[in-house]
1. Can you tell me which residue in the range 331-357 is farthest from Asp291 (Cα to Cα), limited to those that are modelled with pLDDT of 85 or more and of a type in the set (Val, Ile, Thr)?
2. Output the residue which, of all residues in the range 117-142 that are farther than 30 Å from Asn54 by Cβ and surrounded by 20 or more Cβ atoms within 10 Å (Cβ to Cβ), is modelled with the lowest pLDDT.
3. Scan Thr396, Thr376, Thr389 and give me the residue that is in a helix (DSSP H, G or I), in contact with a Leu (Cβ under 7 Å, 6 or more places away or on another chain), hydroxyl-bearing (Ser, Thr, Tyr) and farther than 30 Å from Gln202 by Cβ.
4. Give the residues of the range 244-275 that are assigned to a helix (DSSP H, G or I) and β-branched (Val, Ile, Thr), sorted by residue number.
5. Looking only at the range 53-102, how many residues end up being within 60 Å of the chain's Cα centre (by Cα) and not hydrophobic (A, V, I, L, M, F, W, C)?
6. What number of residues within the range 399-438 are part of a loop (DSSP other than H, G, I, E, B) and crowded, with 19+ Cβ neighbours inside 10 Å?
7. What number of residues in the range 439-475 are in contact (Cβ under 8 Å) with a residue 12 or more places away in the chain, over 13 Å from Glu406 (Cα atoms) and acidic (Asp, Glu)?
Amino acid sequence: MNSVKYLYLLFSIISFGNLNAQEVWSLQKCVEYAQENNLTIKQSRLLIEQAKLNEQLGKYSRYPSLNASSTFGYQFGRTIDPTTNGFITEGIGGQTLNLDAGLSLYNGGRINKNIKQSKLNREAAEADLLQSANDITLVIATTYLNVLFAKEQLTASKQRLDLTFEQKKQTQKLITAGAIPANDVLDVDAQIARNEQDLVAQENSLAVSLLNLKQLLQLAPDFKLDVEVPNISWDENADIEALTMAGIYDQAVFTQPFIKAGELRLKSAEMQVDIARADLMPSLTLFGGIDSRYSTKSPQFSESDFELGSPIPVVINGNAGSIQTFGPVQNGEVSYFEQIGDNLGQSIGLNIRVPIFNNHRAKLAMEQAKINISNTLIQNEQAKQQLKTDIQGAITNAKASRKQMEASSRTVNATKAAYENALKKFELGAINTFELSSAKNQFDNAEVQSIVAKYDYIFKLKVVDFYRGKQITLN
């Protein structure tokens, strides 16, 4: 007996620990977690960062460019001596150093137009991120409502099972009193079995709904997650029939980010035409540079050291004669840094480029940009038409759900009254357990359908609020 108590205590401690480990999340927390971890939203953020980099790249294009380069090589065989420009057969090592700068003065406004287009693309990417966040919020709200629906179904199933057990107690009392036959308890046992089966089904439904929510949030399947049950509210007196597609559409055009993103992409496509046209314009560039050289065969000469060369015979005015030549004396090689300093050269100038014929590339690029404008216009129109269709469907569904909820509520009231009346008759022995079970089943089914209708109507209202630009909440 002590062992049994010990095991029971241990099981209770373990269960209590697991219960404490379970996290209860609200709808707001689910939405915030998804917006931080959802892969689609992460991709949207990366696209924004990429668009920002492109925008910075356009701005930096206004700045001058500065590049340094150097080459080093070794020549051998018959080559030219860089110091005498004469042919020699010795090996010579050499190095060149260059520092080049450039600044675009005019290029048809291409840089400014690229900057404007990059800004439009970045704003479109930001609108896409907002749309992704809105979409994931709506999906999470739907899945969250499914969990709440499953929870309420499970609670109702437990209550039905408890009521059936109470009915069995009452039946046994009536059997003991001799008011009804003993076999009537079998009908109650069958009802208990059906209620227990329904309870298992509702537990499985809740588990599946929670799993769907965890998968949507990209949580591990074994993550201990439960949801907060809010006091769900909605405007029961809302005039659903007054909702019109035109009224909500006028709101949605300004609140749905994907509409704004389409308009921004249209402006970007129009800007691409101007960018392509810039290739037909002349361009003007300011350039400058510094260069120097080094050679392993660069000799050093002294200004005061000369030697007499061999006399060269010449004829002057018909008379024979000769010319005495002088030559510098080579005292050694010039050092590396001395050569770099002595051979330093500078350059500066303007470069103008006038396009004359380039295989019609600029004109074809303009035509392609114009086609892209037409395609973007069609895409935007398709998006607006789809938005109208979705809004009309949301309004129609909301109106139908409202009627279904009201009808199911009336059915619940009617079947509840019928069940309560049947229960009184059963207690008086006027009806048997089969008739009582039938009345109870009708009441149970009406309650189930009422719960379904209520959550369906709540969801349909949230969809309408979504298109009206309202924040999706359950409170």
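The values are calculated or read from the model by the stated rules, or taken from the named source; none is laboratory data. Predicted, not measured: the structure shown is a model, and the values here were computed from it. Cβ placement follows ideal geometry from the backbone for every residue including glycine, while neighbour counts extend to all protein chains displayed.
1. It comes out as Ile356.
2. The initial filter retains those residues of the range 117-142 that are farther than 30 Å from Asn54 by Cβ, namely 138-142.
Among the residues that remain, those that are also surrounded by 20 or more Cβ atoms within 10 Å (Cβ to Cβ) are: 140-141.
Values: Ile140: 92, Ala141: 89.
Result: Ala141.
3. Thr376
4. Ile248, Val253, Thr255, Ile259, Val273, Ile275
5. Qualifying residue count for the region: 25.
6. Within the range 399-438, the first condition is being part of a loop (DSSP other than H, G, I, E, B), and the residues that meet it are 428-432.
Next, from what is left, pick out any that are crowded, with 19+ Cβ neighbours inside 10 Å: none.
Selection size over the range 399-438: 0.
7. Of the residues in the range 439-475, 1 are in contact (Cβ under 8 Å) with a residue 12 or more places away in the chain, over 13 Å from Glu406 (Cα atoms) and acidic (Asp, Glu).
Rundown of residues vs (1) more than 60 Å from the chain's Cα centre (by Cα); (2) within 19 Å of Glu420 (Cα to Cα), yes/no style:
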| position | (1), (2) |
| --- | --- |
| Gln159 | no, yes |
| Thr164 | no, yes |
| Gln170 | yes, yes |
| Leu174 | yes, yes |
| Asn183 | yes, no |
| Val188 | no, yes |
| Ile192 | no, yes |
| Gln197 | no, no |
